[in-house]
1. Kindly state which helices (runs of 4 or more DSSP H) lie completely within the stretch 336-413 and contain at least 2 residues that are at pLDDT below 95.
2. Say whether the condition of being more than 23 Å from Gly393 (Cβ to Cβ), open to solvent by 80 Å² or more (accessible area, probe 1.4 Å), in contact with a helix residue (DSSP H, G or I) (Cβ under 9 Å, 6 or more places away or on another chain) and outside any strand (DSSP E or B) is met by at least one residue in the stretch 251-269.
3. Would you mind stating whether Leu26 is of a type in the set (A, V, I, L, M), over 28 Å from Leu400 (Cβ atoms) and at pLDDT 95 or above?
4. Scan the stretch 322-370 residue by residue and report those that are without any contact (Cβ under 8 Å) to a residue 40 or more places away in the chain and over 13 Å from the mean Cα position of the chain (by Cα).
5. Output the residue which, of all residues in the stretch 135-165 that are among the acidic types (Asp, Glu) and at pLDDT 95 or above, is least open to solvent (accessible area, probe 1.4 Å).
6. Of all residues in the stretch 322-335 being open to solvent by less than 10 Å² (accessible area, probe 1.4 Å) and part of a strand (DSSP E or B), which is modelled with the lowest pLDDT?
7. So Asn128 passes all but one of these: (1) more than 20 Å from Asn251 (Cα to Cα); (2) open to solvent by 50 Å² or more (accessible area, probe 1.4 Å). Which condition number does it fail?
Amino acid sequence: MKDKRSYDIVIWGASGFTGKLVCQYLMKNYGIGIGSTFRWAIAGRNHKKLETIRNDLNLNDPEEMPILTGDSFDLKSLKAITDKTKVILTTVGPYSLYGSALVEACIRTQTHYCDLTGEVPFIHHTINKFHKSAEKAKVKIVHSCGFDSVPSDLGCFILQERSICDFGTPIKRIRLYVKKVKGGISGGTIASMIEIMKLAKNKDMKRILKNPYSLYPKNTPKGRKQPHQKNIQWDEISQGWIGPFIMSWFNSAIVRRTNALLNFKYGKDFIYDEVSVIPKKPLSKIKAQCYALGLGLFTGMLYFRFSRWLLSKTILPKPGQGPSEKSRKNGFFILDLIGAQSNNTLKVTVSCGSDPGYSGTALMIGEAAVCLALDEELLPQYFGILTPATAMGKTLINRLKKAGMEFEYSNEH
C-alpha cells in the first residue's frame, strides 16, 4: 500500500443515517485535526448534505474536515477518492446496487475497504470477481463489519482459539444464542432487505441465497449439511424456547467463509447456526410462536411487490431515517456462543451497551476502519475478499474491548 496519502480513513456515505453515526463516533473518540490520532475526511455524492453533516459536528474549524465528492457508478471519481486514503469505510447500501465499483476502485488504488453489508449475493459477486485481484494487490476488502457479522465472526473465532489452545482440537459444533437485543431499524437496512427479496425472484440468486456455503472460496468442496432454525422448540442448553434469528443465515455464511479462509481451522465438518431465545417465563412459548409467526409474515410481505409497497408507504422507515437518539441510547445486545468439548461447555458471551444496528454498529465499523488504517503491521497476512476475523482477528478484538464491547469466555465442566 502507498504510504503517502492525504488521509488514513474516508467515510463514504457520511450523509446517510449510519454514516452520520460513524462520524459522531470517530469525532467523540478520536477527534480531528491537531491532536487527532489519524487524518480523516467525509465523502459522498451530495456536497451540500455533507456540509450539513460537518456543521452538525460543531467543529472549531470546518476546514479540518475535508469533503470529497463522487458517484457510486463513476469508477474514475471513486478512484480519485480512494487514491487519497489508506482505508475507505462505506455505509452506502444496498451494496448490490451501489457497492461494486467502490470495491474495484479500492483494489486499483491499493486501498483497504470495510462495509456493513448483510447481502449474500453482493459478497458472492465480489468473491467471484475481485478476490484474486485484491489478493494480488495485497488489499483487504472486509465485508460485514457491523452487528452483521462482527459478534458472530469474532465470538466464534475466540471460542475456537480457546478450544484449540486448551484441548488441542476445535469445537465441532457452535450455536449462537441471541439472549437479549434491543434496538431500532433504519430505512437503509430496510432498503437492503427489499433488494435481497427482489433478487430472490431470480433462480440463480435464489440458489445462492439458499446455499449455506455460497461464500466459500471458489471450487472449495461443501461441508456437512447445516441446520437452520425455522420453528419453535425447547432448548436444554439455554433453558428457553428457541426460534429463528433473522440474520442467522447470513452471519453463518460469514463464519463459514472465515473457517475456509483459515484453512479449515474449525474443521471441514464444522457446524454453526444462530437462534433467538425466549427465556422460560409465563406464556413464553406463546411469545416465541408469535415472534416466529411475525418474522415469517414480515419477510413474506417484503417478498411481494404490493405488500412491500404497502409497508413502505405506512410503517417502514425510509432511507436516511432511523431510530431516535433516545432509542439508540437504550439499545444493547447480549449473545452467547456455546460449544461442547471433552464434556466441557465452552462459552463466549459477546455484549455491548449500544443499539446493535446503529450506535453499536458505528462503534464496530469505526474501530474496524481504525484497525485497518493504524494497525497494518499487526494484522494477519490475509488479503482479498475477507471477513472481520480473517482480516483483523485479535487486533480488532482488542480494539473493540477498549471501545466498550465485551467478549467473555467461560469453561464449565
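The values are calculated or read from the model by the stated rules, or taken from the named source; none is laboratory data. Bear in mind the structure is a predicted one, so any value in this text is a computation, not a measurement. Here the Cβ is made from the backbone with ideal geometry for all residues, glycine too, and neighbour counts use every protein chain on show. Surface areas here come from the heavy atoms of the whole protein model, side chains and all, with no ligands, DNA or RNA. Shrake-Rupley method; radii C 1.70, N 1.55, O 1.52, S 1.80 Å.
1. On the way: elements: 359-374, 388-391, 393-403.
In the stretch 336-413, 359-374 are the helices (runs of 4 or more DSSP H) which contain 2 or more residues that are at pLDDT below 95.
2. Within the stretch 251-269, not a single residue is more than 23 Å from Gly393 (Cβ to Cβ), open to solvent by 80 Å² or more (accessible area, probe 1.4 Å), in contact with a helix residue (DSSP H, G or I) (Cβ under 9 Å, 6 or more places away or on another chain) and outside any strand (DSSP E or B).
3. Numbers: of a type in the set (A, V, I, L, M): yes; over 28 Å from Leu400 (Cβ atoms): no; at pLDDT 95 or above: yes.
So Leu26 does not fit the description; no.
4. Selection gives Glu325, Lys326, Lys329.
5. So in the stretch 135-165, the residues among the acidic types (Asp, Glu) come out as 135, 148, 153, 161.
From what's left, at pLDDT 95 or above: 135, 153, 161.
Values: Glu135: 91, Asp153: 1, Glu161: 42 Å².
If we take residues in the stretch 135-165 being among the acidic types (Asp, Glu) and at pLDDT 95 or above, then Asp153 is least open to solvent (accessible area, probe 1.4 Å).
6. Only one residue tops the list, namely Phe333.
7. (1)
Conditions (1) part of a helix (DSSP H, G or I); (2) open to solvent by 30 Å² or more (accessible area, probe 1.4 Å), marked per residue:
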| position | (1), (2) |
| --- | --- |
| Leu68 | no, no |
| Asp71 | no, yes |
| Lys76 | yes, yes |
| Ala80 | yes, yes |
| Lys86 | no, yes |
| Leu102 | yes, no |
| Cys106 | yes, no |
